[in-house]
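Any read-out appearing in this document is the output of simple, stated calculations on the displayed coordinates, not a laboratory observation. Since we're looking at a predicted model, the values are computed, not measured. Neighbour counts run over all protein chains shown; Cβ positions are idealised from the backbone, glycine included.
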Amino acid sequence: MSRLHSIWQQGIKNGMIGGVVAVLLCLVGMVQSFAPRDIVNHVIHMGHTLLLLVAVFMAYMAAKKTDPPLTSQALLNSVLSGAIVGVFLILFVAAGRSVNLRMVLVNASPMLYNTITFGRETAPGAILVIMAGALTGLFAGLLFLLPQSMRRIVIIPLSSIIVAGVLQDLIRPTLAAWGPLSFISDWLFTSNGLTVHGSLVLGVFIAAGLAFWSLKGEIVRESYRSLPEKGRKSLRLSGYFGLVVFLLILPQILGLFLSEVLTIVGLYVLLGLGLNIVIGYAGLLDLGYVAFFAIGSYVTAILTSPELGFFSFSFWGALPFVIVMGVMSGVLLGTPVLKMRGDYLAIATLGFGEIIRILVLSDWLRPWLGGAQGIGRIPKASLVGYEFAGPQEIYYLILAGCLLVIFISTRLRDSRIGRAWMAVREDEDVAQAMGINLVGAKLLAFATGAGFSALSGAIFATKLSSVYPHSFNVMISINIVCLIIVGGMGSIPGVIVGAAALVGLPELLREFAEYRLLVYGAALVVVMLVRPEGLWPEAVRRRELHEDDFENGEAMPPEPSKPG
Amino acid sequence: MRLAWKEWRERITATDILMWVIGGALVIMIIMGSTATLAAGRYSGRHWFDFLIFGLAQGSIYALIAMGYTLVYGVLRMINFAHGEVFMSGPYTAYFVAAAFYRSGFLDSHPIISLLMVFIIAMATSSGIAFLLERIAYRPLRNAPRLIPLITAIGASFFLQYVFRGLYGSGFQAYPTVRMLEGFWMIGGLRILKFQVVVIVAAALLLAGLYSFIQATRVGKAIRAVSEDKEAASLMGIDVDRMISTTFLIGGLSAGAAGVLYALMFKQVHFFMGFIPGLKAFTAAVLGGIGNIPGAMMGGLFLGLIESIGPSLFLDGLGIVAPYQLKDAIAFTMLVLVLIFRPTGILGERLAVKKA
């Protein structure tokens, strides 16, 4: 292969990948449906931002992978890559304008072509789009050439402007609810997107903060480290105290809608913490975890709902039975699969989950479980006159549950049984040879996980006041498995981060719900390819997955980037 | 005699007893249900024959999909969770060709040629998707811990579903009916729907072709060598990466063909259509013993038959209302029973308890 070819290779390759991705994004409809939403009012909208991000990323990677690493060549490669993305888009537009693609591809509309070409005809549009691509590439190339600290000062403010623009519908009402602060939201935002001056000030403000931290941050950290042990401890304690206070007043700050999102995230955190014991600690891949959630919900409904009229316990009266039932079903469903490993375990538990759902849905059990209509009129929980009715109140119930479960799982993890679980996870045969009772350890993991799941099922039932079989499909199990893995297997903060990222973010971006699972799936693949240990991994696991780095004499693992 | 009793007492644990009790209860339930149903005589011989043919048709489609799972499991030791989407992509893409043929009248004037075209396009699309999937998502994870490829596959499954939803729209598309396949044939006083026969025959031909390809050709032999032992295979001069790609291509081909048969049988396509058949086919692969090619075929047929005959045979007699709703529960219960009493699947080696 000639020399000429190989130095341009990276630019051409990345440009082509970026072009295909950009055209695909147009075709699945993301670009056009994001177009009405401005990031900065009358300057740039989300559709263009999406395409720009693709071009920037691919051009940046082209510059990074250029071989040999010459400055000029890197820059040229990134410009080339950006321009090729533009060429792909314009070829797509030209094809679409001459042949009617809409028969097959529903999103290939004339509006989409206008969005891509900035409303121009194909020929002048082509010049514009390719220019824009090349400029984007140039920007990415320059970004690559900046030193690391400077790069952060450019990237973080820009991405926070984008985030502020994307989340405008949440930030605006939240700020507006704060009386005196509402002028900030008026000044920053228009009815569609940030104002130009607002976005400039926001960017400069964040950049200045970052610059300050990069200059003075070391001094702050140093002074923390030089504090005496006692001082550090009290500082940490006050930090925890502040966190608790913050968590307690959170629903009041956030308002109704965001509190609702919080409660959903909280429920998934509860579920995730339970499954974390089964998957993260004991290494048993359980894909039927939703079964215990359903059992918890249904037992609560049967015990409390007047609709069926079997029992009429209060929520608190039912809770012990719910948890006992959860634990028992954990043992019952865990027993048959004790001897299975890996994929067989996964499919058998998946089967259990489906069996439970189908039974609940069937007409056969309808007199007892309500069939497809479910069970309604589940009473709200109340404690000394305080009723957990709306999301802002349920939040406290969930928070209490989470704190309890976090406490129990940390204690279990550090106990003898926790170490036994981890030994089973690493190698069953060796664990057994070391005298660990495999049956006991596995059943205890299933039972504990199931108990936590039943608890969250109970809260879920009183939150909705009703239970339906459709709430308990296999997607829930898979969601929970994914949030554990994305957060970091076996790590408790990881579960919280995973739930926030995989459940919270899509809830916040409800209006783009159509693309929720698309992005979600892509994110899972990317996380697994790029950061298999998860966003906030457990220290041991991170070391396992990056053994090579340690063998090469690196003393400390690289600092995990802040999740968020 | 007493010694044997003591030995037996020591070997049996409480969990074994619980498992036998669960299994025994289910078996007794099945026997009771079947005898009650047969005694009641609510279904005539013709009903059972219809169930049988439907089950065979459904089962042969499962068997074709299950081939993809089992082949991939053989070479990579991973569940390709996105295989259901590979299955969906083919007939969904070919739908547009079929619809165009239908509108122009070509489908009715040249049904064989147009069906052939539809098959070719579906199979090409499915195998292309499977190939890209392996290339982009799975290849970088070749040596990752086991859970990671599985999660990637789950992510890829959602991604593909919603890409196709975005590309082709979210509604159900009615597959055009082929007039040649409508109606029925009478064989010895029994009525058989034509398309069911076509589905069974086509699937049987494809399965036979696949099996002989894997057993008799050089490439097939190489694939079997890779699934036996990757390292040894590469020492013997087999290009392991290429064989893995080929495996995905073959799995995609059979999934695409199965997809068209499925679309012909149920007459509609949808972006979510791959999920449940994918799960079922995976169950079938496990039933037969995953990694085992004849096992996957048998597992598929078995599952299809159980699903179509089971609800009426086992449950009707027990006085259960609307037993057909429980057909999936029966399929999964079978799976759990097989895993309890024969964890290796019907034809499999002992993989479930061996560290794979």
key: Per-peptide average of other Cβ atoms within 10 Å, ordering B:68-75, A:53-60 highest first   = B:68-75, A:53-60
note = Long-range amide H partners of residue A:382, meaning residues 5 or more apart or on another chain whose placed amide H is closer than 5 Å, are A:315, A:316, A:388
message = Between residue A:219 and residue A:186, how high is the FRET efficiency from 1/(1 + (r/R0)^6) when r is the Cβ-Cβ distance and R₀ = 41 Å? Nearest 0.05.
response = 0.65
task = Please identify every one of the chymotrypsin sites (Phe, Trp or Tyr not before Pro) in the range A:274-357 that sits in a loop by DSSP and has no more than 16 other beta carbons within 10 Å of its own beta carbon.
result = A:310, A:311
query = When only DSSP loop residues count, what trypsin sites (Lys or Arg not before Pro) in the range B:109-190 have their Cβ near at most 13 other Cβ atoms within 10 Å?
reply = B:142
ask   = Can you count the Lys pairs in chain B whose Cα atoms are under 20 Å apart, with each pair 8 or more apart or on different chains?
value = 6
The range A:148-226 - convex hull of the alpha-carbon atoms, volume per residue in Å³ = 115
query = Rg and Dmax of the range B:285-326 over Cα atoms: what are they, in angstrom?
reply = 13.1, 39
Phi to ³J(HN,Hα) by Karplus 6.51 cos²θ - 1.76 cosθ + 1.60 over the range B:297-302, Hz, x for Gly, Pro = 4, 4, x, x, 4, 4
Volume per residue of the C-alpha convex hull in the range B:70-190, rounded to whole Å³ = 149
query = So, counting K/R as plus one and D/E as minus one, what does the shell of residues with Cβ under 12 Å around residue B:311 add up to?
reply = -2
note = Correct semi-axes for the range B:49-308, from √(5λ) of the alpha-carbon gyration tensor and rounded to whole Å with the largest first, are 31, 21, 16
remark   = Scan of chain B for GluC sites (Glu not before Pro) in DSSP loops with at most 14 other beta-carbon atoms within 10 Å gives a longest site-free stretch of B:1-181
Translational diffusion coefficient (Stokes-Einstein; Kirkwood radius from C-alpha pairs) of the range A:248-507 at 25 °C, 0.890 mPa s, in µm²/s = 134
request  = Report relative contact order for chain A in percent, whole number only (criteria: Cα-Cα under 8 Å, sequence separation at least 6).
outcome  = 14
request  = Please give the net charge around residue A:420, taking every other residue with its beta carbon less than 13 angstrom from that of residue A:420, where Lys and Arg add +1 and Asp and Glu add -1.
outcome  = +1
ask   = residue A:64: which lysines have alpha carbons under 17 Å from its alpha carbon, excluding same-chain residues fewer than 8 sequence positions away?
value = A:13
task = Calculate for chain A the 222 nm mean residue ellipticity that helices alone would give, adding -39,500 (n - 2.57) per DSSP H run of length 4 or more and normalising by residue count, nearest 500 deg cm²/dmol.
result = -23500 deg cm²/dmol
request  = Please state, rounded to one decimal and in Å, the Kirkwood hydrodynamic radius that the protein assembly as shown gives when every pair of distinct Cα atoms enters the mean of 1/r.
outcome  = 30.4
query = How are the Cα pair distances of the range A:368-490 distributed, in percent, across 10 Å bins from 0?
reply = 11, 31, 31, 19, 7, 0
query = For the residue pair residue B:26 and residue B:184, what label-to-label distance in nm results when each label sits 7 Å from Cα along the Cα-to-beta-carbon direction?
reply = 3.4
inquiry  = Suppose we keep just the DSSP beta bridges with both residues in chain A; what percent of those would be antiparallel, to 5?
reply    = 90
key: Sites residue A:243 and residue A:148 - FRET efficiency at Förster radius 41 Å, r taken between beta-carbons, to 0.05   = 0.85
task = Using only atoms on other chains, find how many Cβ atoms lie within 10 Å of each Cβ of peptide A:326-339 and report the average.
result = 3
ask   = For residue B:184, which sequence-distant residues (separation of 5 or more, or a different chain) have an amide H within less than 5 Å of its own amide H, given hydrogens modelled in the peptide plane?
value = B:194
note = So the FRET efficiency between residue A:372 and residue B:276, C-beta based with R0 = 30 Å and rounded to 0.05, is 0.95
key: ³J(HN,Hα) computed for each position of the range A:9-19 - Karplus, 6.51 cos²θ - 1.76 cosθ + 1.60, integer Hz, glycine/proline x   = 3, 4, x, 5, 4, 5, x, 5, 4, x, x
Sequence-distant residues sharing a close amide H with residue A:45 (under 5 Å, placed H) = A:39
message = If you split all Cα-Cα distances of the range A:60-142 into 10 Å bins from zero, what percentages do you get per bin, shortest first?
response = 20, 38, 25, 15, 2
request  = Would you please put A:472-482, A:425-435 in order of how densely packed they are, using the mean number of other Cβ atoms within 10 angstrom per residue and starting with the highest?
outcome  = A:472-482, A:425-435
inquiry  = Can you bin every Cα-Cα distance in the range B:196-242 into 10 Å intervals starting at zero and give me the percent of pairs per bin, rounded to whole numbers?
reply    = 27, 36, 22, 13, 2
request  = Output ³J(HN,Hα) for the range A:87-99: one whole-Hz value per residue in order, computed from phi by the Karplus curve 6.51 cos²θ - 1.76 cosθ + 1.60 with θ = phi - 60°, and x for Gly and Pro.
outcome  = 4, 4, 4, 6, 4, 4, 5, 4, 5, x, 6, 9, 10
task = Output the Cα-based Rg and Dmax of the range A:1-145 in Å, rounding Rg to one decimal and Dmax to a whole number.
result = 15.4, 49
